[in-house]
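Here's the structure, in structure tokens; my notes come after.
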Amino acid sequence: MKTLTHLVLATAAAAALAPAALAGTQTSKSGGFAIDLPDAWKVQGNDQVIGVDDPSDQMGMLLISVDKSDAKQVIAGVDKLLAGTVTDIHWGKKKKSFALNGMKGVSIDGSAKVKGQPVLTTLIILGPTGTGKGVIAFAGAQPAWLQAHGAEMLSAIKTLRPTK
């Protein structure tokens, strides 16, 4: 999944990226959100796009700060953004609404291929953040990784919260 994160970050980030670092609490000041990630996970990005990889590179996650949170526009934009790296993207028809740490959200699951390998995907749209923006979380993981480490990823996602 390292390829996914690196290629998408290269495409998405207009500003200079910080070098890869170990995880922990990651904060987007302009986006108004923070997330706690396992220390062994690798992180790179900037204040608007945060890319995350697990140590085995079998899971990648992007956290993107956005001004708009229209689900249809966001999903179309993510599909375009990922088109060069991720193929055969298929989103499920069922969207799940939920609340997380004071933000309203919607999630949609799907599947895709990265380098010809199948991955399971999730797209989460949350807001408003502490700065009134939205945050998009896109995650893709190989099925075996997800079976072994899905609880760890879910625990991290549940820490996504608004900040000022």
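No lab work stands behind these numbers, since they all come straight from the coordinates. Here the structure is a predicted model, which is why all the values come from computation and not from measurement. FYI the Cβ positions are ideal-geometry reconstructions off the backbone, even for glycines, and counts take in every protein chain you see.
Residue separation times 0.36 nm, minus the C-alpha to C-alpha distance between LYS104 and LEU154: what's the value?
The LYS104-LEU154 span can extend by a further 16.3 nm.
How charged is the neighbourhood of ALA83? Take every other residue with its Cβ under 15 Å from the Cβ of ALA83, and add Lys/Arg as +1 and Asp/Glu as -1.
Surrounding charge for ALA83 is +1.
Let a ≥ b ≥ c be the square roots of the eigenvalues of the Cα gyration tensor of the range 57-159; is it rounded (a/c under 1.5), or, if not, prolate (a/b larger than b/c) or oblate?
The shape class here is oblate.
Grab the other residues whose beta carbon is less than 10 angstrom from that of ASN101, score K and R as +1, D and E as -1, and report the net.
It works out to a net charge of +2.
I want the local charge near ALA137. Using Cβ-Cβ distances under 13 Å, sum +1 for each Lys or Arg and -1 for each Asp or Glu among the other residues.
Local charge sum for ALA137: +1.
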